[in-house]
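The values are calculated or read from the model by the stated rules, or taken from the named source; none is laboratory data. Computed from a predicted structure; not experimentally measured. Calculation scope for accessible area: heavy atoms of the full protein, side chains included, ligands and nucleic acids excluded. Shrake-Rupley method; radii C 1.70, N 1.55, O 1.52, S 1.80 Å.
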Amino acid sequence: MKKRLTQIFLAFVLIFSLMGVDTTKAGTIQSIDLDATIHKDGSVTIKDTRTFSVDEGTEHYLNFANLGESEMLSYVVYNESGNKLEDIGEWDIDASREEKAGKYGVNYTSDGFEICFGFGEYGQHTFTIEYTLSNFIFNLEDGKQAFYWSFLNKGMDPIDQATLTIHDEMNTTFEYPQVKIWGFGYVGQTKIEGQELKSWTTELSLIHI
């Protein structure tokens, strides 16, 4: 990424597609706030802060599949107080709710993996899942660069609202028409605002598509 992003950056923002986030099988997500920081090497760190309510089950998880050229470099989960949960490595999906409480780990699936964590007591919770992915930015044939990413998954439980903010660690100021942004698969808006690219929903219940 040798050129300034304002000269070469085309942004494609997908809210629902094939790769992204899954939830507990029961419960309601009140909100998901996504903050993505693009790094100089083309990787990205995404902070996913979500508030949800559960009355059954034992865990919450994010499902990652079809990552293409990208690779998960790191991940961590924080609770409501901003404290890091205990990383136990390989996740035991059959453990009890009490055994999973305060812990997170990874469960490998046939087409990818899941970042899993125990939510503890039933009720409403807010957790932040922070993860870094390589090769978020890719080169186009005309010399420009872009990203094309699904930040949330199809088939999720209903969500009351979702927001996405994208910026880079170089504090680039984005300007149209050098920078363009599109969003698909949801009812909402996108906006280029100074050093941030934004997308948000304007209707309740981001339902199964």
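Miscellaneous remarks
- The calculated Kirkwood hydrodynamic radius for the range 63-209 is 17.9 Å, given to one decimal from all distinct C-alpha pairs.
- Taking all protein chains together and a 1.4 Å probe, the residues 110, 199, 74, 81 rank 110, 81, 74, 199 from largest to smallest accessible area.
- Taking all protein chains together and a 1.4 Å probe, the residues 111, 33, 41 rank 41, 111, 33 from largest to smallest accessible area.
- If you sort 40, 198 by accessible surface, 1.4 Å probe, largest first, the order is 40, 198.
- Measuring with a 1.4 angstrom probe and ignoring ligands and nucleic acids, residue 97 comes out at about 50 Å² accessible.
- All aspartates and glutamates inside 14 Å of residue 180 as judged from Cα atoms, apart from same-chain residues fewer than 8 positions distant: 193, 196
- Between amide H atoms placed 1.01 Å from N, distances below 5 Å from residue 135 occur with 43, all of them 5 or more places distant or on a separate chain.
- Rounded to the nearest 10 Å², the accessible area of residue 121 at probe 1.4 Å: 130 Å²
- Given their separation in residues at 0.36 nm each and the Cα-Cα distance between them, residue 93 and residue 66 gain 7.5 nm when the chain is fully extended.
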